[in-house]
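The values are calculated or read from the model by the stated rules, or taken from the named source; none is laboratory data. Here the structure is a predicted model, which is why all the values come from computation and not from measurement. Because the Cβ atoms are built from the backbone with ideal geometry, glycine has one as well, and the counts that use them run over all protein chains shown. The accessibility values were calculated without ligands, DNA or RNA, using every heavy atom of the protein model including side chains. Shrake-Rupley method; radii C 1.70, N 1.55, O 1.52, S 1.80 Å.
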Amino acid sequence: MFFRLYVTLCLVDALILVGTVLVSLIAPPATDPEFIARHMVPALSGIVLATFLHSMVVFYFIGVTKPMREVIAQLGEGIEELISESQATRAIATFWATSGLIIIIFVAALGGAAQNAYISLSIHGWLASFGGLLTIWAHFRQMVAVATNIELIGKINKQYAAEASMKQGEVLG
């Protein structure tokens, strides 16, 4: 359930970010109310959603790490491989979540700088477009990490169930 919701929200965020860039390129705003309606509202929506999604991944891994460690500690064979795979997946997700948060903060700061005329609109446009693409890439990398972690949890559960049934068979036999 979590993964489907996460993927759906990532797709919505990608559409918002791409749509914001396209609307800004196709119909640049002429007045302040138009600017707010056409660019700022969807841009801020995309920024808030991206921040939520990056944070969601961090908290997902915080939530599953301890139970995974406890179950892995009870397993007999192959735990080093499971531990290293779990740590690698968590490291990748954390890197991209942190990078995504930094990128989205940078893009928001560029928007504020452009609105206050500290930088030109074209510089903001190009850098924000690049930041949006990097944010979408970060979403994708995090999706892959979460999917990998879900598969790893499945492997751990299968191994735990097999070892538990083997021990139960020894006790009964």
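Listed values, structure above:
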{"quantity": "Only Lys, Arg (+1) and Asp, Glu (-1) charged, at Cβ; the chain dipole about Cα centre in debye", "calculated": "180"}
{"quantity": "Extension gain, GLN74 back to LEU25 (0.36 nm per residue minus Cα-Cα distance, nm)", "calculated": "12.0 nm"}
{"quantity": "Carbon plus sulfur fraction of accessible area for the chain, probe 1.4 Å, in percent", "calculated": "72"}
{"quantity": "Charge dipole (the stretch 1-75, unit charges on Cβ, about Cα centre) - positive-most of VAL18, TYR60, ALA43", "calculated": "TYR60"}
{"quantity": "Solvent-accessible surface ranking, highest first, for HIS54, HIS39 at 1.4 angstrom", "calculated": "HIS39, HIS54"}
{"quantity": "Net lengthening on full extension, THR65/TYR118 (0.36 nm per residue, minus Cα-Cα)", "calculated": "14.7 nm"}
{"quantity": "Cα-projected label distance for ASN157 with THR94, points at 7 Å along beta-carbon direction, nm", "calculated": "2.5"}
{"quantity": "Read-out Rg and Dmax of the Cα atoms in Å, derived from the coordinates shown; its label in [x] 21.8, 82; [y] 17.2, 60; [z] 18.4, 72", "calculated": "[x]"}
{"quantity": "Two-site FRET efficiency, LEU15 against SER55, from Cβ-Cβ distance with R₀ of 25 Å, rounded to 0.05", "calculated": "0.80"}
{"quantity": "Probe 1.4 Å, accessible area per residue of the stretch 97-160, Å²", "calculated": "55"}
